[in-house]
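Down below is the structure, laid out as structure tokens.
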Amino acid sequence: MRSAPVLDTDSHKCESRVEATHAPVGIARRVGAFLLRELREMLPPTIFFFIGFNLIVLTTNLLVANYGATFGSFMLATGAALVVGKAVLVANATRSIRRYDRAPLIRPILFKAAFYWAVVFVARLLEHWIRFWLVEGHPLGTFLPHLVAVFDWHRFIAIQLWIFVLFLIYETATELNHLFGKGELWHLLVTSRPSELPLDRRQRILELVRLSKLADTHSIDEFRDPSTLAHTQLVDIVHRIAREAGPRPLDG
């Protein structure tokens, strides 16, 4: 009579131990997945600006024949690329960055480049403020006079101008990649041959533009109904874009 409650209690203890064991594992997986997703999103702009900044440093050193500070300049360029990558990650979390996603390409390219540029501008000032206050140990109230009297604004603005130019290039490539489909721009530029595409590049872009306009003017129900003109136009565009199935030519 007394053994049953004891067994029941033991079973509850075992279940609680299992739940306690699975809970940290589930949290760790979610945290790991979140960090991995953030790293993947941060990696492309960081690599792009890492290359861009180091090219700027290299050409500057070549122009002024200053080869002594190469390693230090390399580390500064790497740090700046990490700041830009983190700033892009923060900017992508805001709603404002998607404001012109349905507008002609020039508008989201210019808007996002300016938006990212402003975020990086603030991030670079904050970075300098933290170094001025915490690392160098200056009083907090002397930062603004330092910006006015001592801070090298010429160098800061020159770097910001290059950052804006690099953002224009980066956003142009990003928007074209989104237009063609993820990875399709790389496929067109690097991996595909002209003979593998049923249409040339200009015709392919025109078909994608037609598809975008068609999606803007018709509902999903119209596309699903085979009797509508929208459905017929959609099928025609897809047929013109799609590649014919067949064996890929051998390299040689």
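I'm checking my understanding of the structure. Among residues of the range 26-40 that are open to solvent by 70 Å² or more (accessible area, probe 1.4 Å) and not hydrophobic (A, V, I, L, M, F, W, C), which one is farthest from Ala87 (Cα to Cα)?
My answer is Arg29.
Quick one: in the range 192-213, of everything that is open to solvent by 90 Å² or more (accessible area, probe 1.4 Å) and at pLDDT 65 or above, which residue is nearest to Pro104 (Cα to Cα)?
Checking each candidate, the answer is Lys213.
Among the residues of the range 28-49, are any at pLDDT below 75 and part of a helix (DSSP H, G or I)?
No, that holds for no residue.
So that you can scan it fast, the table gives a plain yes or no per residue for (1) out of contact with any Phe, Trp or Tyr (no Cβ under 6 Å at 6 or more places or on another chain); (2) open to solvent by 40 Å² or more (accessible area, probe 1.4 Å); (3) part of a loop (DSSP other than H, G, I, E, B); (4) modelled with pLDDT of 85 or more:
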residue: Pro104; (1), (2), (3), (4): yes, yes, yes, no
residue: Pro108; (1), (2), (3), (4): no, no, no, yes
residue: Val120; (1), (2), (3), (4): yes, no, no, no
residue: Glu127; (1), (2), (3), (4): yes, yes, no, no
residue: Arg131; (1), (2), (3), (4): yes, yes, no, no
residue: His138; (1), (2), (3), (4): no, yes, yes, no
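In the list Arg40, Arg107, which residue meets the criterion of being within 19 Å of the chain's Cα centre (by Cα) and over 20 Å from Leu166 (Cβ atoms)?
Arg40
Collect the residues in the range 215-231 that are closer than 25 Å to Leu179 by Cβ and assigned to a loop (DSSP other than H, G, I, E, B), keeping them in residue-number order.
Within the range 215-231, His218, Ser219 qualify.
For the range 76-109, what are the residues that are of a type outside the set (Val, Ile, Thr) and in contact (Cβ under 8 Å) with a residue 40 or more places away in the chain?
Selection gives Ala80, Gly85, Lys86, Leu89, Asn92, Arg102, Leu105, Pro108.
If Met1 satisfies all but one of (1) open to solvent by 70 Å² or more (accessible area, probe 1.4 Å); (2) part of a helix (DSSP H, G or I); (3) modelled with pLDDT under 65, what's the number of the condition it fails?
(2)
The values are calculated or read from the model by the stated rules, or taken from the named source; none is laboratory data. A quick note: this is a predicted structure, and the numbers were derived from the prediction, not measured. Methodologically, a virtual Cβ is constructed for each residue, glycine included, from the backbone with ideal geometry; neighbour enumeration extends over all protein chains shown. Side chains included, ligands, DNA and RNA excluded: accessible areas come from the protein's heavy atoms. Shrake-Rupley method; radii C 1.70, N 1.55, O 1.52, S 1.80 Å.
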